[in-house]
Amino acid sequence: MICISVPFIIEMETILSVWLKTVPPYSVTFCRILLVVNCITTINFCLNIGIHATGNIKLLSFISGSLSLMVPVIAYLAFKIGANPEWGYIIALFLAFITIFTSLQILKKQIKGFSYSVFIKKVLFPCICTASASYLIGLVFFLSLDPGLLRFTSICISCIVMIVLISLLWADTADRQYLHDIIRKYYHAILSH
């Protein structure tokens, strides 16, 4: 998800201006926040798989459903007191983070061997490092090149390269071999054409 999201987050204004011609106010911000929410939801999805594997999903369904239903209610209250339109999406982002933490709590309760520190070390920290490095490298291209296809392509390629390099850094031996095999397969496919 990061591989797709980072270039679009960086180039959202350009993409929307090509696609829509006249970009509505706030749409760039809305789309960027939604892409971040989707990345967070992807991490939460992994936790939910573990909870679903236990067969005990009532608590998860109740809490995640309640948090999802709170977004329009809290956004409505925020708008009533004069909040900017972005706050509707910022509230969704905040509640997505809360959903991750509640899913972690539920998973810890249902699977006794589950460790917060291992999850943070093996999942969250590598995801944050990958996203940050990809964003920073993409930002260098964004600031260095003129808007256009070359800049967007450069950002996409740099993000993919960063994600592969960081994945190789964080991966264990089996995962590293799997990534190596995929890279070799595509490399040979490109050379054979």
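The values are calculated or read from the model by the stated rules, or taken from the named source; none is laboratory data. None of the values given here were measured: they were computed from a predicted structure. Glycine also receives a Cβ, built like all others from the backbone with ideal geometry; neighbour counts cover every protein chain displayed. Ligands, DNA and RNA are excluded from the accessible area calculation, which covers all protein heavy atoms including side chains. Shrake-Rupley method; radii C 1.70, N 1.55, O 1.52, S 1.80 Å.
Considering every residue within the stretch 132-142, establish whether at least one is surrounded by 13 or more Cβ atoms within 10 Å (Cβ to Cβ) and among the polar types (S, T, N, Q). Yes, because at least one residue in the stretch 132-142 is surrounded by 13 or more Cβ atoms within 10 Å (Cβ to Cβ) and among the polar types (S, T, N, Q). A single entry from 120, 155 fulfils the requirement of being β-branched (Val, Ile, Thr) and open to solvent by 40 Å² or more (accessible area, probe 1.4 Å): 120. Screening the stretch 1-113 for helices (runs of 4 or more DSSP H) wholly inside it with 1 or more residues that are touching a Ser or Thr at 6+ places or on another chain (Cβ under 8 Å) and acidic (Asp, Glu) returns the ranges 86-110.
No other residue among 89, 26 is surrounded by 19 or more Cβ atoms within 10 Å (Cβ to Cβ) and in contact (Cβ under 8 Å) with a residue 60 or more places away in the chain apart from 89. The condition of being surrounded by fewer than 18 Cβ atoms within 10 Å (Cβ to Cβ), modelled with pLDDT under 90 and polar (S, T, N, Q) holds for only one of 56, 38, that being 56. Residue 73 satisfies every condition listed in (1) under 21 Å from residue 1 (Cβ atoms); (2) among the β-branched types (Val, Ile, Thr); (3) open to solvent by 70 Å² or more (accessible area, probe 1.4 Å) except (1). Here 158, 144, 154 are screened, and the one residue that is touching a Gly at 6+ places or on another chain (Cβ under 7 Å), among the polar types (S, T, N, Q) and at pLDDT 85 or above is 158. Of the residues making up the stretch 168-179, one or more are of a type in the set (A, V, I, L, M), touching an Asp or Glu at 6+ places or on another chain (Cβ under 9 Å), free of Cβ contacts under 8 Å to residues at least 60 places away in the same chain and in a helix (DSSP H, G or I).
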